[in-house]
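The values are calculated or read from the model by the stated rules, or taken from the named source; none is laboratory data. Every value quoted in this text rests on a predicted model; they were computed, and no experiment measured them. Here the Cβ positions follow ideal geometry from the backbone for every residue, glycine too, while neighbour counts run over all protein chains shown. With ligands, DNA and RNA removed, areas are computed over all heavy atoms of the protein, side chains included. Shrake-Rupley method; radii C 1.70, N 1.55, O 1.52, S 1.80 Å.
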Amino acid sequence: MGEGELSERSSMNAEQLRLNETEDRSKHWRRWGPYLSERAWGTVREDYSPDGAAWDFFPHDHARSRAYRWNEDGLAGICDRHQRICFAVALWNGKDPILKERLFGLTGSEGNHGEDVKELYYYLDSTPTHSYMKMLYKYPQSEFPYERLIRENQARSKSEGEFELIDAGVFEGDRYFDVIVEYAKADDEDILIRITVANRGPESAPINVLPTVWFRNRWTWSGVEPNCELFAVDASTIAIECEEYGKRLLHIGGGAELLFTENETNNARLFGSPNRTHYVKDAFHEYVVRGNADSVNPEKRGTKAAANFALEVPARSEMSIQLRLTDKQFAGKAEKPRSGRRSDTPPPIGEDPFEDFEKIFATSIREADEFYDKLAGQELSADAKNVQRQAFAGVLWSKQFYHYVVQEWLDGDPAMPAPSSEREHGRNHDWPTLYNADVISMPDKWEYPWYAAWDLAFHCIPLAMVDPDFAKDQLILMLREWYMHPNGQIPAYEWALGDVNPPVHAWAALRVYQIEKKHRGAGDRKFLARVFQKLLLNFTWWVNRKDAEGNNVFEGGFLGLDNIGVFDRSRPLPTGGKLAQADGTSWMAMYCLNMLAIALELAAEDDTYEDVASKFFEHFIYIADAMNNLGSDGVSLWDDEDGFYYDVLHTHGVGSRPLRVRSMVGLIPLFAVGTIEPEVLDKLPDFKKRLYWFIENRPDLIGNVSCMRTPGMGERRLLAVAYRERLERVLRVMLDETEFLSEHGVRALSKFHKKNPYILQVNGDTHRVDYEPGESTSGLFGGNSNWRGPVWFPVNYLLIESLQKFHHYYGDDLKVECPTGSGQWMNLWDASQELSRRLSHIFLRNRDGTRPVFGGSDKMQHDPHFRDHVLFYEYFHGDDGCGVGASHQTGWTGLVAKLLQQSGE
C-alpha cells in the first residue's frame, strides 16, 4: 500500500473502511443484509397457473403453510446474499388468528386501488455494508383486522380513498407495540440482533416474540433431501450447518423455548394430499396460536427453528431480546461435536456471546452516525438530516435477493406436477435466457418485490452517494448476458419482461460515474466503458423496434407512465394506426445525448470513441429535427398554438391529429439537453471537425435544434430538442400554478384539465383524461398507479437537472417568471432550486410542525411515536402533497436525499 493510499485510508471513517474492504474482497461485509423480501406470495415467480393469475395461485392464506420455490419473505429479516440462510421475527399478540410471520396486504383485485400493504412499518437506519440496521414495526394489541381490511376496501369505489390499518382504530389509546429490530455486525460473519418490544399502551400486555431462522427450500423441487440442518446445541443455542457456508451458531439470550420444524409445504391443509414430512412450515403457528404441541419436532432438529419468548410487557415500558448469529466460538458456549460429525470449530474469541453486546451496538450506532454526519454536512437542520437518513435507510433496506430462472420456471421441476402447456406461449416465454439470482434494489419489497429497470436507474443515484460500487454493480447487472435479451432489450419487470421502460440506463450510468468522480477524485472509466458497450446493443434494439419506419419518431408503449394517455399505450390502439409519442421520441433524444456524453468522456483517453460520438451527435440531430419539424402530413409533435409538445395519432384514411393532453409527455422533451465544453472539442480534433462539417453542411437539420452555432456561457455549445423560444413557452406552462406547478413539485398532468377534461370520441366510445391529483379513479393499467395529476419524484428530478443544464448554457441571459404571473423573475438555476425546495418540503416539517406527506392524519402528524418516522411513497397528491400509492417506494423517492445534499432545504 502506497503512502498516498495510507493517508487516504487514515482519513476514512469506519464505514468507509468497511466499504473498501468489501470492494477489495478482504472482507465480505455485504454477504449478510436485508435481502429477505417483504412478500414472496402473489408473485409471478411462484405462479404456475395456466392463466397467469399470480395473486390467486399463491395467496396470503397459503404463505404460512406453503414452501416458496424461488424467494423467501419475513418480517424485519435478513439473509445471506444467496439466501441460503434466513432470519426474521414472528409475533403473536394472543388474539390474532394467525402467527404474524410476514406483512399483510390486499391483492390487486381486493384493493379499490390495486394491491396495497396494510401494515405500518418503517426503515429507520442502515449503513451501506449493513453494519448497523434498524427497522420499526407497529403491532396492534387488539386482533389484527384482516377480514375488515379486505371487506372495507372491496366495498369502496375507485373514487374513494383506501381504508388503511390506521383507519381501523387499532392504534387508538396507544394500545399497540412498537417492535424495533436492530442488527449490528461485530465482524462480517458475526451479527448481533436486538429486538425491543415497547408497549405504548396504558396496561400490561402479552406478546410472543419468535426470532426465527430457516433454510430456503432448495431440495423439495428435485425430490432430494436437504444438505443443511438446524439443531439445538443446548437450551439457548441453535447450530446452523450448511454445506456451502459451513457451521454457524445462533445464540439466544434469556429464557426461550426452542422450536423446530421443516420448511416444507403443509399439503394436507392446502390440498388435502399427504405431507412430505410430519413437521411442516406452519408448525409454529399451530404450536403458538392453536396450542398443538405435536406440530414441532421433539428431537429439536429441522430446517426451520425459532426461539419462543412469551413476554408480558408492562404498561408504557419496553423489554429487549438479544441474539447473536455468528461463525465465532465462545468458551462458555463451546459446542460438543455431534456423533458422526467432524469437529472443525475455531478457537473461542470470548467467554460469553453477550458480554460485549451493548458495547458493540453502541459502537455500531456511533460509526453509523459518523458516516452520515460527514455525508449530510453542517448546513442541514436536524429534521432534514433525519429525513435524508431515513431515505438512505429505505433505499438500503430495499435490497432483495431476487431469484427467477425463466426456462426452469416454464419447464417446471422434476419432483413437482408438470405445468400447463399453455405456459409455453404465456407470460415471459420469449425470455428463456433470463437467469436471475442476485441481490437487487427493489422499488418496494412488498408492493413491487421485483426489479423494474427504469426504477432501478433512479435508485442508483442515492445509492451512489453512499456506496458507488454497489450502484455500479446494479447497472452492470441489468446488462449482463443472463439479464439482457439476446436482441439487446433490457428486462422490464417480471409481470412482463418484454414491456418497454424509458431508456434511462445510460443517464444513470453517467450520473453514477460523475457522483463517484466528484466524491473520490477519479471516475471509474472501466465501468463506463463496460456499460457503454452493452448499451450500444440496447440502443440498436430501440432504433430497430420502436422506429420501424426509420423517421426518427418513436413509439414505445406506456413507457412507465401507466395511465397518462387517452388510451392504454401498452395495447393496440382502438383507432388502428399508430401513435407518435412525444415522450418516446424525447427519451431517445436524451438517450443519444447521454451516449454522446459517455463517448466524449471515454474519447479523452481513447480516440477510437470519437467515431461513435459523432454517430450519436448526428442521430440526436435527426431526432430533434423530427420532434420540431412538420411531418409529411403537416402535423408536428410541437403545437405552436398551445406552445406545447403532444403525442400525434396517425390513423389510416383519417389523417393525423395531436392529442392535446397537457401532461408530462409534453415536458419530457426538456430532458433532452446537454452542453459540450470548448476544451472537450479542442482535445478531440476529429470529432470537432465532423461536428463543424455537419453544422455547415446540414443547415436544414440544425435549424430545428437549439443553436449549435452560437456559443453560450464560457463558449459552451448547446444540444437540446427545445430551442430557446420553445423552451420559454413550455416553461411558462410548466411553472404556472394553475397548470403544472404545485406547492409540492410539478404535476404529471396539468390542473387545466380539472375544468377542461380532454375527451376523444372513437368508434362510438368516449375516451377522456381528467385531472386526478390523488389515486386513479379508473382501472387503466391495473389502477394502482396514477399519472393524471400527482407529483412523481423521478421526472421532477430530471426536470431539475434539465433546468440546471440549460442554465449552464444560458446563465443569467435567460430568466423566467416563477411562478408564472407572480412577477418574480429568476434564472433557470434558481428555478431548479425552487422546484427542489418544493419537493423536499413534502417530507420536512412546516412552520406548524406538520409534514405534507402525512396529509390529514392527526396521529402521524402529532404523535411523538409517529411524527418523525417518514414514509417515502410512490407518488404524491398534486394539490396537498400527501403520500399516495406504494408506501415504501424509497427507491426513486429516495432521490430526496440527493436533493437535500445538493440544494439544501
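What do you reckon, is PRO491 part of a loop (DSSP other than H, G, I, E, B) and open to solvent by less than 20 Å² (accessible area, probe 1.4 Å)? Before you say what the answer is, go through the steps one by one.
Numbers: part of a loop (DSSP other than H, G, I, E, B): yes; open to solvent by less than 20 Å² (accessible area, probe 1.4 Å): yes.
Judged against the criteria, PRO491 is a match.
Table: residues versus (1) touching a Lys or Arg at 6+ places or on another chain (Cβ under 6 Å); (2) under 24 Å from TYR287 (Cα atoms); (3) in contact (Cβ under 8 Å) with a residue 12 or more places away in the chain.
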position	(1), (2), (3)
ASN217	no, yes, yes
GLU225	no, no, no
GLU229	no, yes, yes
ALA232	yes, yes, yes
ALA235	no, yes, yes
ILE240	yes, yes, yes
GLU243	no, no, yes
THR265	yes, yes, yes
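Can you pull out every residue in the stretch 752-775 that is surrounded by fewer than 11 Cβ atoms within 10 Å (Cβ to Cβ) and either of a type in the set (Asp, Glu) or in contact with a helix residue (DSSP H, G or I) (Cβ under 6 Å, 6 or more places away or on another chain) (or both)?
Residues of the stretch 752-775 that are surrounded by fewer than 11 Cβ atoms within 10 Å (Cβ to Cβ), as a first pass: 755, 761, 763-766.
ASP765, the sole residue that qualifies.
Based on what the data block shows, is TYR591 in a helix (DSSP H, G or I), aromatic (Phe, Trp, Tyr), open to solvent by 20 Å² or more (accessible area, probe 1.4 Å) and modelled with pLDDT of 80 or more? Even if it seems obvious, please write down each step before you answer.
Details: in a helix (DSSP H, G or I): yes; aromatic (Phe, Trp, Tyr): yes; open to solvent by 20 Å² or more (accessible area, probe 1.4 Å): no; modelled with pLDDT of 80 or more: yes.
So TYR591 does not fit the description; no.
Go through (1) surrounded by 22 or more Cβ atoms within 10 Å (Cβ to Cβ); (2) in a loop (DSSP other than H, G, I, E, B) for ASP96 and report which single condition fails.
Only one criterion in (1) surrounded by 22 or more Cβ atoms within 10 Å (Cβ to Cβ); (2) in a loop (DSSP other than H, G, I, E, B) is unmet by ASP96, namely (1).
When you scan the stretch 457-472, do you find a residue that is touching a helix residue (DSSP H, G or I) at 6+ places or on another chain (Cβ under 7 Å), at pLDDT 95 or above and closer than 28 Å to PRO50 by Cβ, even just one? Spell out how you get there, then give the answer.
Taking the stretch 457-472 as the starting set, the residues that turn out to be touching a helix residue (DSSP H, G or I) at 6+ places or on another chain (Cβ under 7 Å) are 457-472.
With at pLDDT 95 or above added as a condition, the list becomes 457-472.
Next, from what is left, pick out any that are closer than 28 Å to PRO50 by Cβ: none.
No, every residue in the stretch 457-472 fails to be touching a helix residue (DSSP H, G or I) at 6+ places or on another chain (Cβ under 7 Å), at pLDDT 95 or above and closer than 28 Å to PRO50 by Cβ.
Counting only residues that are charged (D, E, K, R) and open to solvent by less than 10 Å² (accessible area, probe 1.4 Å), which one in the stretch 839-882 is nearest to the chain's Cα centre (by Cα)?
Kept after step one, since they are charged (D, E, K, R), are these residues of the stretch 839-882: 845, 847-848, 851, 858-859, 863, 867-868, 874, 879-880.
If we keep only those that are open to solvent by less than 10 Å² (accessible area, probe 1.4 Å) too, we end up with 851, 874.
Details: ARG851: 23, GLU874: 9 Å.
Step by step, filter the stretch 839-882, then rank; the result is GLU874.
Exactly one condition in (1) without any contact (Cβ under 8 Å) to a residue 12 or more places away in the chain; (2) within 22 Å of GLU874 (Cβ to Cβ) is false for PRO794; which is it?
Failing condition for PRO794: (1).
Could you please give the count of residues in the stretch 132-170 that are open to solvent by less than 50 Å² (accessible area, probe 1.4 Å), under 15 Å from ASP96 (Cα atoms) and not aliphatic (A, V, I, L, M)?
Number satisfying all stated conditions: 8.
Checking the condition charged (D, E, K, R) and closer than 22 Å to TYR451 by Cα, which residue from GLU72, GLU101, GLU147 passes? Working first, answer last.
Numbers: GLU101 fails: closer than 22 Å to TYR451 by Cα; GLU147 fails: closer than 22 Å to TYR451 by Cα.
Result: GLU72 is the single residue among GLU72, GLU101, GLU147 that is charged (D, E, K, R) and closer than 22 Å to TYR451 by Cα.
State all residues of the stretch 402-437 that are among the hydroxyl-bearing types (Ser, Thr, Tyr), more than 30 Å from ASN267 (Cβ to Cβ) and crowded, with 19+ Cβ neighbours inside 10 Å; if no residue qualifies, say none.
Selection gives nothing.
Select from the stretch 227-246 the residues that are surrounded by 15 or more Cβ atoms within 10 Å (Cβ to Cβ), in a strand (DSSP E or B) and at pLDDT below 95 and list them in ascending order.
Of everything in the stretch 227-246, just one residue is surrounded by 15 or more Cβ atoms within 10 Å (Cβ to Cβ), in a strand (DSSP E or B) and at pLDDT below 95, namely CYS242.
Which of the strands (runs of 3 or more DSSP E) found entirely inside the stretch 610-685 contain at least 3 residues meeting this: farther than 17 Å from LEU596 by Cβ and open to solvent by less than 10 Å² (accessible area, probe 1.4 Å)? Quick ask: steps written out before the conclusion?
Values: elements: 647-651, 655-659, 673-676.
No strands (runs of 3 or more DSSP E) qualify here.
Quick check on my filter: what residues within the stretch 294-314 are acidic (Asp, Glu) and not in a loop (DSSP other than H, G, I, E, B)? Steps first, answer last, please.
Initial filter on the stretch 294-314 (acidic (Asp, Glu)): 294, 299, 312.
Once the filter is applied, which keeps residues that are acidic (Asp, Glu) and not in a loop (DSSP other than H, G, I, E, B), the stretch 294-314 yields ASP294, GLU312.
Out of curiosity, is VAL224 of a type outside the set (Ser, Thr, Tyr), under 30 Å from THR277 (Cβ atoms) and assigned to a strand (DSSP E or B)? Spell out how you get there, then give the answer.
Values: of a type outside the set (Ser, Thr, Tyr): yes; under 30 Å from THR277 (Cβ atoms): yes; assigned to a strand (DSSP E or B): no.
Spelling it out, it is not the case that VAL224 is of a type outside the set (Ser, Thr, Tyr), under 30 Å from THR277 (Cβ atoms) and assigned to a strand (DSSP E or B).
Would you tally the residues in the stretch 222-268 being under 20 Å from TRP70 (Cβ atoms) and in contact with a Pro (Cβ under 7 Å, 6 or more places away or on another chain)?
Adding up the residues that qualify gives 3.
Against the definition (in a strand (DSSP E or B) and either open to solvent by less than 10 Å² (accessible area, probe 1.4 Å) or not acidic (Asp, Glu) (or both)), how does ILE440 come out, yes or no? Spell out the reasoning first.
Numbers: in a strand (DSSP E or B): yes; either open to solvent by less than 10 Å² (accessible area, probe 1.4 Å) or not acidic (Asp, Glu) (or both): yes.
In short, yes.
Considering the stretch 247-261 alone, what residues qualify as being assigned to a strand (DSSP E or B) and open to solvent by less than 60 Å² (accessible area, probe 1.4 Å)? Talk me through it step by step, then tell me what you get.
Going residue by residue through the stretch 247-261, those that are assigned to a strand (DSSP E or B) are 247-252, 257-261.
Result: LYS247, ARG248, LEU249, LEU250, HIS251, ILE252, LEU258, LEU259, PHE260, THR261.
Name the single residue, out of those in the stretch 99-122 being hydroxyl-bearing (Ser, Thr, Tyr) and open to solvent by 10 Å² or more (accessible area, probe 1.4 Å), that is modelled with the highest pLDDT. Let's see the steps before the verdict.
Within the stretch 99-122, the subset hydroxyl-bearing (Ser, Thr, Tyr) is 107, 109, 121-122.
Imposing the further condition that a residue be open to solvent by 10 Å² or more (accessible area, probe 1.4 Å) reduces the set to 107, 109.
On the way: THR107: 94, SER109: 89.
Out of the qualifying residues, it is THR107.
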